[in-house]
1. By a straight-distance test (C-alpha under 24 Å), which lysines pair with Lys293 as possible cross-link partners, with residues fewer than eight away in the same chain excluded?
2. Excluding residues fewer than 8 places away in the same chain, name every one of the lysines whose C-alpha is closer than 19 Å to that of Lys252.
3. With each pseudo-label sitting 7 Å past Cα toward Cβ, what's the Thr76-Lys293 distance in nm, one decimal?
4. Need one number: nm distance between label points at Lys257 and Val69, each 7 Å from Cα along Cα→Cβ, rounded to one decimal.
5. Give the aspartates and glutamates reachable from Lys135 as a straight Cα distance under 14 Å; neighbours fewer than 8 places away on the same chain don't count.
6. Extending each Cα 7 Å along its Cβ direction at Asn213 and Arg55, get the distance between those two points in nm, one decimal.
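Please treat every number below as a calculation from the coordinates, not as lab data. Owing to the predicted nature of the structure, the values given are computational and were not obtained by experimental measurement. Ideal geometry is used to build each Cβ from the backbone, glycine not excepted, and the neighbour counts take in all protein chains shown.
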Amino acid sequence: MRSSEPIASTAPTSDAATYSRWARVRTVTPAILAALLTGCSGPLNPQGPVGQADRTILLDALGIMLAIVVPTIIATLAFAWWFRASNTKARFLPQWTYSGRIELVVWSIPTLVILFLGGVIWIGAHELDPAQPLKSSVKPLEVQAVSLDWKWLFIYPDQGIAAVNTLTVPTGTPLHFSLTSASVMNVFFVPQLGSMIYTMNGMTTQLYLQADNAGEYYGRSAHFSGDGFPGMEFTVHAVPASAFQSFVQQAKSSGPKLDATAYTELARQSANVKPFTYSAVAPNLFGDVTTQKLPPAPGPIEVRSTPTSPPNGG
């Protein structure tokens, strides 16, 4: 948004401008590096079966691609060294144009790489179908997730509670997510648990995940959705089953009730909302959101004032 303040007529000196640029670089660079390291550490440090399978596919694909990349680099360096100007043993063939054997090698290697990568992707795409239940003797925990502007609503239909920007789950239990969007298209992603999936208004997508180890796992929106996008993140608290039951009882004993009125207030644009819980949820609220019985939010629009947390937002 353009500022209404007048632009200064005098430009800063060269030294001051240079210092300012370097100051911005020093400020921004650590943040960028931290974001990159956080994004990379998640898939490489999985905490569930889906995340483990994702890492296996990533490493398999890397190994297959290195099978052509490494020999190509070595061959490039070897050719440059052998055909250097000072090497009188190198044969110079200015009339040479074609070799069937070389063509066979040149084309067979990338063909094999493509076939191997295609096989890995084909198998992984079927085994990691987001809507395919995980193999487990434990009954899945049902979680209904709604992406809003700019926060996440998690409803526990069997427990009759809900939470905003925080998700507590029992370890070793499959998690069956039903996801939708109350606004624009978005993406649900917990890097250490596995696959990301889109949320769309008027539609429901399915996702199965599982946390094998207790801990706190970073989750966020992975699709830009407007001014409040940077703060659209949440924490997954994976706890033992007994601790999860304690969380449910604590949530039921405090906090507001999530009904149509409270949901309409929650759906208003607000950024950097602190996590809080609802002690009760109106029946079939998620279905009303998905079928648009509860009207969708207008989506990201120009915000002229600083977004604030909704009432009862902790």
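1. Here the lysines satisfying the reach criterion relative to Lys293 are Lys151, Lys257.
2. Qualifying lysines at Cα under 19 Å: Lys274.
3. Calculated label separation equals 6.1 nm.
4. Label-label distance for Lys257 and Val69, simple model: 5.7 nm.
5. Glu127, Asp212
6. Modelled inter-label distance: 0.8 nm.
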